[in-house]
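Just below is one structure, and these are the notes that go with it.
The values are calculated or read from the model by the stated rules, or taken from the named source; none is laboratory data. As the structure is a prediction and not an experimental result, all values here were calculated from the model. Reconstructed Cβ throughout: ideal geometry from the backbone, glycine too, with neighbour counts over all protein chains shown. Ligands, DNA and RNA are stripped out before the accessible areas are found, and what is left, the full protein with its side chains, is counted by its heavy atoms. Shrake-Rupley method; radii C 1.70, N 1.55, O 1.52, S 1.80 Å.
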Amino acid sequence: MKRRELIASALIAAACLSAHAAGEESGRLTIQVPTDFGSEKVVVRHNLLDNMIAGRRDTLVADTLVLVDGKASLSFDPAGAAYYFFNADGENNIPVFAKPGENITVNISAVTPGKYVITGSPLMEGISEYNNLIAPLEAEYAGLMASGQASEETIASLMKRYDDTTGDFINKNINSPVVTYVLLNAQGEEFIELYDRIGSDARSSILMPMVDAM
């Protein structure tokens, strides 16, 4: 009887080690939140980039993570590169693009207004920097729209500041994978001009297939 119990214990331990190893191999998303986060859970949704390119939404997966001491983590989908997102402030999603084997950390320092830093890959560090640059402009735009008193001149001035900020960021990061993220929101001549300028490091981005599919 004892021998059977020992064998069962060994099998359970081996299964746990195997699951842990698989999680380490696929990489992890780690989320850190401030003390005033307001929830004990975070719902992280994700979809493989290949599914997104194919226009499939029925493949969206949701995972509910329980925060322990302000931290939670999730193993990345081993099937391939994916788009992960979760809500931190009740309004805006935090985007994470990652492939198996990467370890990405999202450190949320404030909830309202939302402030966060993402580390772990050149792509996500660039996206974090860019989103933090344009966040004040987007908040200003939302405030103007809510006021109902925004003039055409005010909106035009704000959009110029947005375009100038984005343009400066692109010029400084033209060979970085983050440019492919900016390209996803570009259109027409702007898209063609930027697409022709990006370097080989940018073209190796996991987002490049999405860009090419546009």
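Calculated FRET efficiency, Thr30 and Met159, Cβ-Cβ r, R0 35 Å, to nearest 0.05?
0.45
Using a 1.4 Å probe and ignoring any ligands, DNA or RNA, find the accessible area of Lys71 and quote it in Å² to the nearest 10.
Approximately 100 Å² of Lys71 is accessible to the 1.4 Å probe.
Candidates [x] -0.49; [y] -0.71; [z] -0.64; which is the computed log10 I(q)/I(0) by the Debye sum over Cα atoms at q = 0.11 Å⁻¹?
Answer by label: [z].
Which angle between 0 and 90 degrees, to the nearest 10, do you get for helix 188-197 versus the longest principal axis of the chain when only C-alpha atoms count?
60
Picking from Asp196, Asp168, Asp63, which is most flexible by a Gaussian network model of the chain using Cα springs under 10 Å?
Asp196
For the chain, what is the calculated [θ] at 222 nm in deg cm²/dmol (nearest 500), taking -39500 (n - 2.57) for each run of four or more DSSP H residues and dividing by its residue count?
The helix-only estimate for the chain comes to -15000 deg cm²/dmol at 222 nm.
In degrees from 0 to 90, rounded to the nearest 10, what is the angle of the helix 122-147 Cα long axis to the longest principal axis of the chain?
So the helix axis and the longest Cα principal axis differ by about 50 degrees.
Need the C-alpha centroid separation for the stretch 146-214 versus the stretch 82-108, integer Å.
20
In the chain, what percent of the accessible surface is made up of carbon and sulfur (1.4 Å probe, ligands and nucleic acids excluded)?
Carbon and sulfur: 52 percent of the exposed surface of the chain.
For the chain, with the dipole built from +1 on Lys and Arg beta-carbon atoms and -1 on Asp and Glu ones, taken about the Cα centre, which of Ile53, Gln32, Ala150 lies farthest toward the positive end?
Gln32
Cross-link list Lys115/Lys160; Lys41/Lys172; Lys71/Lys99; Lys41/Lys99; Lys99/Lys172: which exceed 31 angstrom alpha carbon to alpha carbon?
The answer is Lys41/Lys172.
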